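Below you'll find the structure, written out as structure tokens, and then a few comments.
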Amino acid sequence: MIEASNIRAGYGDGPDILQDISMTASAREIVTILGPNGCGKSTLLKTVAGFVRPRGGAIRINGEGAETVPIHEKVRHYGVGYVPQTDNVFRTMTVTENLLMGARDLSRDTRNERFEALMTQYPTLANKRRRKASALSGGERQILSLARALMAGPRILLLDEPSAGLSPAMMHDVFEAIGRIRDAQDMCILMVEQNAYEALSISDRAYVLSLGKVALTARSADLLNDPAMERLYLGGDPDA
Amino acid sequence: MSDFLIHVSAVACLYGILALALNLQMGLSGLVNFGLIALFGCGTYGAAFAHLWGWPPLAGLALGLVFAALLGLFFARLGDRMSEDYWGIATLSLAEIMRLVFTNEQGLAGGAQGVSGLPVTFAALPADTAALARLALYAALLVVAFVICQRIARSGFGLSLKLMREEPQLARALGYDLARSRRIVMVVSSLMAAVSGFLYAHYLTFVGPEQLMSHETFLIWSMVIIGGIANNWGVVAGAILMQFALAYVPFVKDWFDVPSDFVAATRLIIVGGGILAFLIWRPKGIFPERIGGSHV
């Protein structure tokens, strides 16, 4: 579904943050992008999404060239859903209104049907449907932003650090929700994460970035059992 | 006194249209335009050029609308390349450039002397009836502008503008084309500002560069901030309130027997102090924006 080849990208006149990165992600698959701070994880996600235009290389979505397509067109044309790391809800709007924002092109019946399905799926949101989003906890906001992305029925979901700033319990709930989405729908999920262990536990494959390049790519299960990976990202003994 | 009230009400209506235009940009869409007066100036100078070239007044209106639409589009294009703060400074700079050009280019609409002798609206009627007819016309146009703004605010397009104001990146991520929304709202509001300017020019029968001073922009800002940002009712109330408050300053001068300089200074204090006081103690204005309401 997503095929990025030899991507170079950066901001303004600055240097290339992404240097010749290639990656793929398919339907019914969760692909995680890992790496230390500043390695270009979020930039890669934003480039795939269309917020950042690549300086070189190609991005193909469903076989079509999409490197110059801006995010708002990718949402409509390719069914991309993007969940940002921060500022991910409309704080002055209620939970219900936030969800409806994700359903702009749907018929009333489909919209109501999806809304009720999401309310059943996420009881936390159902209980607070009339509350302002600003009154929700960090984890609830993350669930809300995820649910809002699902309102449009996306075929590709791009998640930028869904566990950022969450407590361990909340983090578990969010990852469980992401895992369920992959299992229930033929969706391609590309996720940037800092919490390597939790992310690898639910994902199928992973790319580890370092200094704007792909340092390692493997199946998630293999990475979880890789001593080098454990040493670098999962809190293992660095001298082992 | 009656003539005075009609005069103040007439100007309040014209400022009300201008305030509604600013509210579309700043209140609804979060576009911090410090150069609003330039769009108003498109209307005044449209009227001035038509008068100088011997065209009928309505041709001046068309000219002003074309100028305003083009300038509004230009502002919107600048917004594609700049962050909100820099865009605000750029709009202020462009308005100042426009004022300085009209001030210093003698061959362009009279330079600093401006253009006088524009025909007043309803000139054929007796003076008292004409004044009332003008007030009725301006009030009717204010109602039209209000209805347009209300319809925009309640439409799907208005929703996209609010999302652009609240969380632009998130709005893009939900499929909203914010560049297009910005272009449309800038053109619509620029046309409203130009209509206000055109009527103002024919009301005063004079057009000059001092009408484009930046403090005029901040007067309109005070109307929007005091009335209620993003609330069309509040904005109209703010325009009327501020216009009447400023109009009565000269009477205060007479009552307390203070020098004439007091009038100009007090007007600035009312505008600046009003903006500051409301931003500190009541940032949502007298009539706050109503958010929420749509439920499945």
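The values are calculated or read from the model by the stated rules, or taken from the named source; none is laboratory data. What you see is a predicted model; the values in this text were computed from it and never measured. Neighbour counts run over all protein chains shown; Cβ positions are idealised from the backbone, glycine included. Calculation scope for accessible area: heavy atoms of the full protein, side chains included, ligands and nucleic acids excluded. Shrake-Rupley method; radii C 1.70, N 1.55, O 1.52, S 1.80 Å.
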Number of partner chain Cβ atoms within 10 Å, mean per residue of B:164-172: 6
Cut-off 10 Å between beta-carbons: net charge of the residues surrounding residue A:66, Lys and Arg +1, Asp and Glu -1: -2
Listed peptides B:8-18, A:204-214 by packing density, highest first (mean Cβ within 10 Å): B:8-18, A:204-214
The protein assembly as shown, dipole about Cα centre (Lys/Arg Cβ +1, Asp/Glu Cβ -1), debye to the nearest 20: 1060
Probe 1.4 Å, all protein chains present, accessible-area order of B:137, B:241, largest first: B:241, B:137
Proximal lysines relative to residue A:46, as straight alpha-carbon distance under 27 Å, when same-chain residues fewer than 8 apart are discounted: A:74, A:213, B:162
Protection proxy ranking, peptides A:83-94, B:37-48, average beta carbon neighbours within 10 Å, highest first: B:37-48, A:83-94
Choice from A:107, A:42, A:145 with maximal GNM fluctuation in chain A (Cα, 10 Å cutoff): A:107
Which of B:142, B:109, B:123, positive extreme of dipole for chain B (C-beta unit charges): B:142
Dipole magnitude of chain A, debye to nearest 20 (Cβ charges: Lys/Arg +1, Asp/Glu -1, about Cα centre): 960
Positive-end extreme of charge dipole, the stretch A:2-233 - chosen from A:54, A:75, A:40 (charges on Cβ): A:75
Ratio of Rg to Rh over chain B (Cα coordinates, Kirkwood Rh, two decimals): 0.97
Size descriptor, Kirkwood hydrodynamic radius, that averages inverse alpha-carbon separations across the stretch B:48-127, Å: 14.9
Angle between chain B longest axis and helix B:156-166 axis [Cα atoms, degrees, rounded to 10]: 80
Dipole moment magnitude, nearest 20 debye, the stretch B:2-211 about Cα centre, only Lys, Arg, Asp, Glu C-beta charged: 580
Normalised alpha carbon radius of gyration of the protein assembly as shown [divisor 2.2 N^0.38 Å]: 1.18
For residue A:206, net neighbour charge (Lys/Arg +1, Asp/Glu -1) across residues whose Cβ lies under 10 Å away: -1
Nearest 10 degrees, 0 to 90: helix A:108-121 Cα axis against chain A principal axis: 70
Residue-averaged beta-carbon neighbours from other chains (10 angstrom radius) around B:173-183: 6
Phi to ³J(HN,Hα) by Karplus 6.51 cos²θ - 1.76 cosθ + 1.60 over the stretch B:51-63, Hz, x for Gly, Pro: 5, 5, 8, x, 7, x, x, 5, 5, x, 5, 4, 4
Rounded, prolate or oblate (a/c below 1.5 giving rounded, otherwise prolate when a/b exceeds b/c) for the stretch B:124-168 by Cα gyration tensor: prolate
Highest-fluctuation residue, A:189, A:33, A:181 considered, GNM on chain A with Cα pairs under 10 Å: A:181
Positive-end residue, chain B charge dipole about Cα centroid, Cβ charges, pick of B:153, B:2, B:227: B:153
Alpha-carbon centroids, the stretch A:18-32 and the stretch A:193-229: separation in whole Å: 12
Whole-Å semi-axes of chain A's equivalent ellipsoid (Cα gyration tensor): 29, 22, 16
Pairwise centroid distance, computed over Cα atoms, of the stretch B:79-96 with the stretch A:103-153, Å: 36
Surrounding net charge for residue A:56, when Lys and Arg each add one and Asp and Glu each subtract one, Cβ distance under 10 Å: -1
Gained length - residue B:113 relative to residue B:256, 0.36 nm times residue gap less alpha-carbon distance: 48.1 nm
Heavy atoms of residue A:72 accessible to a 1.4 Å probe, total area in Å² rounded to 10: 30
Folded to 0 to 90 degrees: helix B:2-22 orientation relative to chain B principal axis, Cα: 30
Separation between Cα centres of the stretch B:142-188 and the stretch B:8-78, rounded to whole Å: 19
Peptide A:87-97, shielding by other chains (average Cβ, 10 Å cutoff): 5
